[in-house]
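To keep things clear, I will list the structure first and then write my remarks on it.
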Amino acid sequence: MTGKLVYENLKNRPMRSLLSILLIGVPVTLILCLVGLSHGFIEDSQKRQRGIGADILMRPKTSSLLSLNGAPIPSQLVGFLAKQPHVKMATGVVNVAAEGITLGATGINYEEFTQMCGGFKFHSGGGFQRPDDVILDDYYANQTKARVGDTITLLNGKWRVSGIMESGKLSHIVVPVKTLQDRLGNGGNVNQIYLKLDDGANTNATIQYLKNIPGLVDYPIYSMEEFTSLLNVNNIPALAGFIAVVMGIGVVIGFAVVCLSMYMAVLQRTREIGILKSLGASKGFILGIILSEALFLGLGGTILGILMSYGAAGLIHALKPASLPMIIAYDWWPIAGAITVLGALLGALYPGLTAAAHDPIEALSYE
C-alpha cells in the first residue's frame with residue numbers, strides 16, 4: 001500500500017521528482033570525484049615509485065613526505081653512497097613542478113636510471129639524443145597531443161620529444177638531469193637519491209648503517225616499501241578534513257533539496273492527506289509515506305550521482321589523464337549513498353511531521 005502511494009506520487013509529478021533526484025545526485029558526484037581524484041593521485045604516485053626498482057630513498061634535510069622543500073643534496077653524495085656496503089648502485093634525480101602542484105617533471109641520469117629500473121618501455125622514439133630532449137609517458141603525451149619529434153614548451157623552455165614511454169616509472173615527464181640543473185641554476189645538486197642494493201633483505205640494516213654515518217643524520221631515509229605505504233590520504237595535510245567538509249555539504253544539499261521538495265509535496269497533497277486520515281490512516285502511516293518518498297529520491301540521487309561520476313571520470317581522463325589521475329572509488333559508493341539518504345531522510349522529517357499533524361477536517365476543506 002505505502003509503496004503504491006509513493007510510486008504514484010513520484011510518477012504524477014515527474015518534473016519535481018527528476019529535479020530532486022538531479023540535485024541530490026550532484027553532491028554524490030562531488031564526493032565520488034573528490035575521493036576518486038585523491039585516491040588516483042596516491043595510486044599513481046605509488047605505482048611510479050615502485051617502478052623505479054630502488055630499495056632505499058634519501059630526501060633533502062627538513063623535507064616532508066609530500067614536499068621536497070629543504071636544502072638540496074650535493075651531487076657528490078650520490079657517489080659516496082654508491083660505495084657503501086650492500087649498495088649496488090645509486091642515482092640522483094631532480095624533481096620540479098611542471099604544471100602547478102598536480103604534475104611534476106624529473107631530471108635523471110639516463111644511463112644510471114635505466115640500469116636501476118630495467119629500462120623504459122617505449123611506444124615510439126627512444127632515449128635522450130640531445131641535451132634538450134624530453135621523454136613523455138603515454139598519459140602526458142595524450143594530454144598534450146605531443147608526438148616524437150615535436151617541440152613543446154615546458155619549464156619555461158623548449159624541449160624536443162625524443163620518446164613516448166609506458167607510464168609507471170618515476171614521472172610523467174623525464175628530462176636530462178644536467179640540462180635541468182643548468183636551467184634551474186641549482187649548482188648541480190639533486191633533491192632525491194635512490195639506492196639499489198645487492199639484496200633487498202639488507203634494506204633495514206643498510207638504512208640503520210647510513211643513518212649512523214656522520215653528516216647523514218638529518219637526511220630522511222626510507223625503504224621504498226615504507227615510503228609508498230606512507231603515501232595515503234590520511235598523510236596528506238588537510239585532505240581528510242576537506243573530504244569531510246564536502247560530505248557535510250552533501251548532507252546539507254540533500255537535506256535542503258528534500259526538505260523543500262517534500263514540503264511543497266505536502267502542501268500540494270493536503271486534501272489527499274485529509275482523505276487518508278479520514279479513512280483511518282495513522283500519523284505514523286502518513287509520516288512513513290513522506291519518508292519513503294524521500295528514501296526513493298535519495299536512492300535515485302545516489303544512482304544518478306554514481307553514473308555522473310563515471311561521466312566526470314571519462315571527461316577527466318580524456319582531457320587531463322596525467323595531471324588529474326582519477327579512479328572510480330567503488331568502496332565509497334555505499335558511503336556516499338548513506339550520506340545522501342541520511343540527508344534526504346532528515347530533510348523529509350519536518351514536512352512528514354507537519355503532514356502527520358494535519359487536522360483531517362481542515363485538510364479536507366483545503367483549496
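Would you check which residues across region 299-339 are among the small types (Gly, Ala, Ser) and over 13 Å from the mean Cα position of the chain (by Cα) and list them?
Across region 299-339, the qualifying residues are Gly300, Gly301, Gly305, Gly311, Gly314, Ala318, Ala336, Gly337, Ala338.
Is there a residue being touching a Lys or Arg at 6+ places or on another chain (Cβ under 9 Å), among the polar types (S, T, N, Q) and open to solvent by less than 30 Å² (accessible area, probe 1.4 Å) anywhere in region 140-149?
yes
Tell me, please, whether a residue that is under 25 Å from Arg48 (Cα atoms), part of a helix (DSSP H, G or I) and modelled with pLDDT of 90 or more can be found in region 184-198.
no
Condition check: within 23 Å of Gly51 (Cα to Cα), touching a residue at least 40 places away in the same chain (Cβ under 8 Å) and touching a Cys at 6+ places or on another chain (Cβ under 9 Å). Does Leu180 satisfy that?
Judged against the criteria, Leu180 is not a match.
Conditions tested, residue by residue: (1) surrounded by 13 or more Cβ atoms within 10 Å (Cβ to Cβ); (2) closer than 19 Å to Val94 by Cα; (3) of a type in the set (Asp, Glu).
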| residue | (1), (2), (3) |
| --- | --- |
| Asn156 | no, yes, no |
| Gly185 | no, yes, no |
| Tyr219 | yes, yes, no |
| Leu231 | yes, no, no |
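Please find, within region 204-224, the residue that is farthest from Gln49 (Cα to Cα) out of those that are hydrophobic (A, V, I, L, M, F, W, C), in contact with a strand residue (DSSP E or B) (Cβ under 8 Å, 6 or more places away or on another chain) and in a helix (DSSP H, G or I).
Residue satisfying both the conditions and the ranking: Leu210.
With respect to Val148, is the statement that it is among the aliphatic types (A, V, I, L, M), more than 28 Å from Gln84 (Cα to Cα) and over 29 Å from the mean Cα position of the chain (by Cα) true? Before you say what the answer is, go through the steps one by one.
Details: among the aliphatic types (A, V, I, L, M): yes; more than 28 Å from Gln84 (Cα to Cα): yes; over 29 Å from the mean Cα position of the chain (by Cα): yes.
Yes: the conditions hold for Val148.
Show the residue pairs that are 6+ apart or on different chains and have beta-carbon atoms under 8 Å apart, the first residue being within region 118-146 and under 13 Å from Leu103 (Cβ atoms) and without any contact (Cβ under 8 Å) to a residue 12 or more places away in the chain, the second being part of a strand (DSSP E or B) and open to solvent by 20 Å² or more (accessible area, probe 1.4 Å).
Sorted first by the residue in region 118-146, then by its partner, the pairs are Thr144/Ile152.
The values are calculated or read from the model by the stated rules, or taken from the named source; none is laboratory data. Given the structure is predicted, the values throughout are model-derived calculations rather than measurements. Cβ sites come from the backbone with ideal geometry, for glycine too, and all protein chains shown count toward neighbours. Accessible surface areas use protein heavy atoms only, side chains included; no ligands, DNA or RNA. Shrake-Rupley method; radii C 1.70, N 1.55, O 1.52, S 1.80 Å.
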